[in-house]
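Asks: Shown below is the structure under consideration.
The values are calculated or read from the model by the stated rules, or taken from the named source; none is laboratory data. All values derive from a computational prediction rather than experimental measurement. Note: ideal-geometry Cβ built from the backbone for every residue, glycine included; neighbour counts use all protein chains shown.
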């Protein structure tokens, strides 16, 4: 480590390795390994471990104050004098913190993916894509250049396309992948334009220089650029109105979901806006747009999460809601402050959401699905998952002393303070936060009650009682069903001969290989971080005012959450699966399952485009035929000429006569 | 060193003529021998081109004094990447021809196109440039008309005729433009033309003539009608040369004959041409959304990509020309890859209709599948692949277009960005049906059986692998190529250097 820590003597800076090693792992895996499982895993693991080691190294340097603030990538692009394009990575405390977070999540995802996809033919491709995804996110995290940000940003979109469509044998997976890429790419267009605007105005693609350039001069152009960037962020982070790709993305294997939701892709928007925060703080219009998008998203998604009949989709909507919370944390920051609030929540969210997705994936393998009916009672039947689920949900709900509590409470605190001081944006944010906190508590409680439902145990116990009961055995109720005549609904005998009822064969006991020790260790690490992650605020990596908590506000928040929890518990009583949402009207639940029908809106929006495309294609066919026919016309004319040139005297005389007449007419008209 | 300059274009040109002549005569050389000779000549040309690019020699002799035409051959930072691209593509198409028993005439035509294109990029004289440019058309016509799609001969002949007639129309306009330019400037030397001072009205007229003439060859919408038909009918090698070499000659001609010598003329017509270029981006993208023939779809995507290149050129700034030159090379490599893959698929499938349900390519032929993914990802300008830099820098240049109408070019930048969304839609449309397959057919086990034997092997796989590597390399490491073109541009004082206010 002696040479490594001496960054000046070492040819490669750790910040470069953080990006390079996972990217190399992807390339090596794609070129050399191809289909073999174990080499693919080893390469992916080495990439992830190397990335984490480099991130840890950078963290040590940052804490020791020896980290170099910037490092080169492909070298400056020669675009002078129009653009200065240094193409450098920037290292600050945020970048370091996020790089470590991403590396940890990526490592655990690689560990679990090996178990989860143990029978998948394309595991090698999956592992390579996860590696590339990690590299792309690390590039966005560390980038100090607009071009590098766009590179990582769009590469992530591509990787998510590959991961969501991993099971491309299924039409649903293919469609979800297509939808995810197209929706985010649509938002990428304004994102790119916004960044191009900011960069060309500052004559540089360096993000820090862009921030310096525009800080001095608030203008409508700046506001426009920021709003365009915010629209792009809304696309990648699945905020309103682009939110609907994310729940569909659940078609991907669960480790992919964990990666997309926890540490990459959806979180990238917060990272980029965090870098541009000094500009955002100065533009009230952009802040208002952001607070509206994020506020609506967080409340709406929280509500939809509560209604879902598929618990994996519940988690997906909860991601939309939590990312909305992060973006609110950016919108309420006063001038001169940095993005600590949002990034703190990003880190906490990465830990508990990765944990929840991976554990839900584990449970879904055990119980054979993620719908409520399947998941009901799962943590009772499989106690190994119980503590992990509990920690994840408690942290998501924001119960003290979990990491989720600390990060969320600080955002609420700041919003309240600024709202009291008369900041309009913060007032909107505070209202949204209040709803969001209540809804989060509600859907977490609901998920727990479903997973912890007694009925499976009870049903088994009841079954045993029935089997033990002498009376039932004497009546021989089973034989009665088999031998007695069939009746219709009103009890009248059906005239047809008895169909012999063959009792269904007992289902083969499914033997599921439990996750290996490494995966479990990874999950425990995430659980540990989800608990103690709140301590992060005490480190120099974040500068937050954590030791003057507003006790009254915390008490009020906790009371609200407790009240909601009690309400959900009451609602869940007596429902078949302990599902509190079972009491909601069926139409509401089915509409919510379909994401309020946003998919239909998207499809409707594509229709005019396709119609226009058909129109244009038709017109182009016409143009092509027209151009063709000029050639045919020329050839035809030539043919006519050739036929006239048949050498007979009559034809020659006619031609001469016509020529004389024509020349005469021209002469007269010109006279 | 000087010999390298002459060998690079002449070896394939003369060798190609000899092969065709031998095939016509009673000699009738064996296929294997012809293949060996052609491959050797292509490699020699590549080696000579690389040597010339490395050493940068020059030849300047009087040739036809009566019209002031000189034998002036040289390489600068602007032509160097194109010379290497052309010579390398020349080797690849000849190599690829070995996949199916090639006739000596076919190989000869491939060599002649390569040699003619190399001559186009090497000559520094406007009239010689025109001659070299036209030299390519005949062997190209031969490739389409004689070796094109055998399933629909009528369509093929029509496409070949249209290709020749339409592009010769372009040539005529270009010739008129060049003659006016040469006569009014008093020199035909491209380096001297860069510093010639012409009146604004002359510049405008010449620039308009040249842009229409060259616009047919690039092609710029709405002068593109020959392209989809020609691409569909052409054999794989012909399609690759058409996309990777012929279209590049068009954009190169714009740089040499319009952007450098006629800055004020370009200033006058740039807004109009830029609007047409962006119309090409949008219309090309839209047509690709509904096009059923895979080869036609790629041809249409070429129209869209060349739209980006032309838009960047029309800004007339160093950044714009940089973006255009990069996009040019990137499109050459990506479209070459796509046409090799799709040509192979068409051979295997028997047609290239996207509506036919087929097994997932990623299962049936993983190598072709991977190449198709890389090709279309490059086509939608995915970062990390070659297409990205050209298109993203085009957005930058259109947003700060020097002394051009600011609002118009910014609107065009937004429209171009929308066009890249369309590119994503059609690229993924193809991947969804071809690469990921359809449900209606049963899944195939990949190991064993005759199915896997259909995957790319031997020369086809080598060609594909080289092109994939080039697409990735240009995407990951853009700096060397950009330094080349930047160095070339640094000597051209006439290019606008400024950006937006």
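Asks: Among the listed residues A:113, A:135, A:127, A:103, which satisfies the condition of being at pLDDT 90 or above and within 12 Å of chain B (Cβ to nearest Cβ)? Spell out how you get there, then give the answer.
Replies: On the way: A:113 fails: within 12 Å of chain B (Cβ to nearest Cβ); A:127 fails: within 12 Å of chain B (Cβ to nearest Cβ); A:103 fails: within 12 Å of chain B (Cβ to nearest Cβ).
After applying the criteria, what remains is A:135.
Asks: Moving on to the next point. What is the residue count in the stretch A:61-82 for residues that are at the interface with chain B (Cβ under 9 Å from one of its Cβ atoms) and either surrounded by fewer than 21 Cβ atoms within 10 Å (Cβ to Cβ) or out of contact with any helix residue (DSSP H, G or I) (no Cβ under 6 Å at 6 or more places or on another chain) (or both)?
Replies: Restricting attention to the stretch A:61-82, the residues satisfying the condition of being at the interface with chain B (Cβ under 9 Å from one of its Cβ atoms) are A:74-82.
Remaining after also requiring either surrounded by fewer than 21 Cβ atoms within 10 Å (Cβ to Cβ) or out of contact with any helix residue (DSSP H, G or I) (no Cβ under 6 Å at 6 or more places or on another chain) (or both): A:74-76, A:78, A:80-81.
Qualifying residue count, the stretch A:61-82: 6.
Asks: Return only the number of the condition from (1) in contact with a strand residue (DSSP E or B) (Cβ under 6 Å, 6 or more places away or on another chain); (2) modelled with pLDDT under 90 that residue B:151 does not satisfy.
Replies: With respect to (1) in contact with a strand residue (DSSP E or B) (Cβ under 6 Å, 6 or more places away or on another chain); (2) modelled with pLDDT under 90, residue B:151 is out only on (1).
Asks: Find the residue count for the stretch B:402-429, including only residues that are more than 20 Å from residue B:303 (Cβ to Cβ) and at the interface with another protein chain (Cβ under 10 Å from one of its Cβ atoms). Give the derivation first.
Replies: Step one: filter the stretch B:402-429 for residues more than 20 Å from residue B:303 (Cβ to Cβ), giving B:402-411.
Still in the list and also at the interface with another protein chain (Cβ under 10 Å from one of its Cβ atoms): B:402, B:410.
Residues in the stretch B:402-429 being more than 20 Å from residue B:303 (Cβ to Cβ) and at the interface with another protein chain (Cβ under 10 Å from one of its Cβ atoms): 2 in total.
Asks: If you don't mind, another one. Mind listing whichever residues of the stretch A:217-232 are touching a residue at least 40 places away in the same chain (Cβ under 8 Å) and surrounded by fewer than 24 Cβ atoms within 10 Å (Cβ to Cβ)? Break it down stepwise before answering.
Replies: First, pick out the residues of the stretch A:217-232 that are touching a residue at least 40 places away in the same chain (Cβ under 8 Å): A:218, A:222-223, A:226-227, A:229-232.
Residues satisfying the conditions are A:218, A:222, A:223, A:227, A:231.
Asks: Report yes if residue A:161 is over 27 Å from residue A:208 (Cα atoms), surrounded by 24 or more Cβ atoms within 10 Å (Cβ to Cβ) and facing chain B (nearest Cβ under 9 Å), otherwise no.
Replies: Working: over 27 Å from residue A:208 (Cα atoms): yes; surrounded by 24 or more Cβ atoms within 10 Å (Cβ to Cβ): yes; facing chain B (nearest Cβ under 9 Å): yes.
Spelling it out, residue A:161 is indeed over 27 Å from residue A:208 (Cα atoms), surrounded by 24 or more Cβ atoms within 10 Å (Cβ to Cβ) and facing chain B (nearest Cβ under 9 Å).
Asks: Shifting gears a bit: Can you list the helices (runs of 4 or more DSSP H) found entirely within the stretch A:339-387 that contain at least 3 residues being surrounded by fewer than 24 Cβ atoms within 10 Å (Cβ to Cβ)? Reasoning before the result, please.
Replies: Details: elements: A:340-367, A:372-375, A:378-381.
Filter on the stretch A:339-387 gives A:340-367, A:378-381.
Asks: If you don't mind, there's one more thing I want to ask. Pick out, from the stretch B:1-104, the helices (runs of 4 or more DSSP H) lying fully within it that include 3 or more residues that are surrounded by fewer than 20 Cβ atoms within 10 Å (Cβ to Cβ). Can you show your working first?
Replies: On the way: elements: B:2-24, B:31-55, B:80-97.
Fully inside the stretch B:1-104 and qualifying: B:2-24, B:31-55.
Asks: Return yes or no: is residue A:267 touching a helix residue (DSSP H, G or I) at 6+ places or on another chain (Cβ under 6 Å), away from chain B (no Cβ under 14 Å), surrounded by 24 or more Cβ atoms within 10 Å (Cβ to Cβ) and not in a helix (DSSP H, G or I)?
Replies: On the way: touching a helix residue (DSSP H, G or I) at 6+ places or on another chain (Cβ under 6 Å): yes; away from chain B (no Cβ under 14 Å): yes; surrounded by 24 or more Cβ atoms within 10 Å (Cβ to Cβ): yes; not in a helix (DSSP H, G or I): no.
No, not satisfied.
Asks: Please give the helices (runs of 4 or more DSSP H) falling wholly within the stretch A:2-116 in which 3 or more residues are in contact (Cβ under 8 Å) with a residue 40 or more places away in the chain and farther than 30 Å from residue B:394 by Cβ.
Replies: Working: elements: A:2-5, A:14-28, A:37-64, A:93-116.
Passing ranges, in order: A:14-28, A:37-64, A:93-116.
Asks: Right, something else. If you scan the stretch A:288-314, which residues turn out to be part of a loop (DSSP other than H, G, I, E, B) and out of contact with any strand residue (DSSP E or B) (no Cβ under 7 Å at 6 or more places or on another chain)?
Replies: First pass over the stretch A:288-314, keeping only residues part of a loop (DSSP other than H, G, I, E, B): A:308-309.
A:308 - this is the single residue of the stretch A:288-314 that is part of a loop (DSSP other than H, G, I, E, B) and out of contact with any strand residue (DSSP E or B) (no Cβ under 7 Å at 6 or more places or on another chain).
Asks: Given the structure, is residue B:289 outside any loop (DSSP other than H, G, I, E, B), within 14 Å of chain A (Cβ to nearest Cβ) and over 20 Å from residue B:166 (Cβ atoms)?
Replies: Here the answer is yes, as residue B:289 does meet what is asked.
Asks: Please pick out the residue among A:245, A:214 that is closer than 25 Å to residue B:422 by Cα, more than 11 Å from every other protein chain (Cβ to nearest Cβ) and crowded, with 19+ Cβ neighbours inside 10 Å. Steps first, please.
Replies: Values: A:214 fails: closer than 25 Å to residue B:422 by Cα.
Only one candidate qualifies: A:245.
Asks: Answer yes or no as to whether residue A:577 is under 20 Å from residue A:311 (Cα atoms) and out of contact with any strand residue (DSSP E or B) (no Cβ under 9 Å at 6 or more places or on another chain).
Replies: Details: under 20 Å from residue A:311 (Cα atoms): yes; out of contact with any strand residue (DSSP E or B) (no Cβ under 9 Å at 6 or more places or on another chain): yes.
Taking the combined requirement at face value, the residue satisfies it.
Asks: Look at residue B:290 and say whether it is crowded, with 24+ Cβ neighbours inside 10 Å and out of contact with any strand residue (DSSP E or B) (no Cβ under 9 Å at 6 or more places or on another chain).
Replies: Numbers: crowded, with 24+ Cβ neighbours inside 10 Å: no; out of contact with any strand residue (DSSP E or B) (no Cβ under 9 Å at 6 or more places or on another chain): yes.
Considered against the rule, which asks whether it is crowded, with 24+ Cβ neighbours inside 10 Å and out of contact with any strand residue (DSSP E or B) (no Cβ under 9 Å at 6 or more places or on another chain), residue B:290 comes out as no.
Asks: Now for a different question. Residues A:70, A:8: which one is at pLDDT below 85 and under 24 Å from residue A:199 (Cβ atoms)? Don't jump to the end; show me each part of the working.
Replies: Working: A:8 fails: under 24 Å from residue A:199 (Cβ atoms).
That would be A:70, the only listed residue that is at pLDDT below 85 and under 24 Å from residue A:199 (Cβ atoms).
Asks: Further question: Looking at A:201, A:235 in this structure, which one is under 26 Å from residue A:307 (Cβ atoms), touching a residue at least 24 places away in the same chain (Cβ under 8 Å) and touching a helix residue (DSSP H, G or I) at 6+ places or on another chain (Cβ under 7 Å)?
Replies: Exactly one residue qualifies, and that residue is A:235.
Asks: Going through the stretch B:292-331 one residue at a time, which ones are within 30 Å of residue A:204 (Cβ to Cβ), within 11 Å of chain A (Cβ to nearest Cβ) and either at pLDDT 95 or above or part of a helix (DSSP H, G or I) (or both)? Full working, then the answer.
Replies: The first filter runs over the stretch B:292-331 and keeps only residues within 30 Å of residue A:204 (Cβ to Cβ), leaving B:304-331.
With within 11 Å of chain A (Cβ to nearest Cβ) added as a condition, the list becomes B:315, B:317-323, B:326.
Passing the criteria: B:315, B:318, B:319, B:320, B:321, B:322, B:323, B:326.
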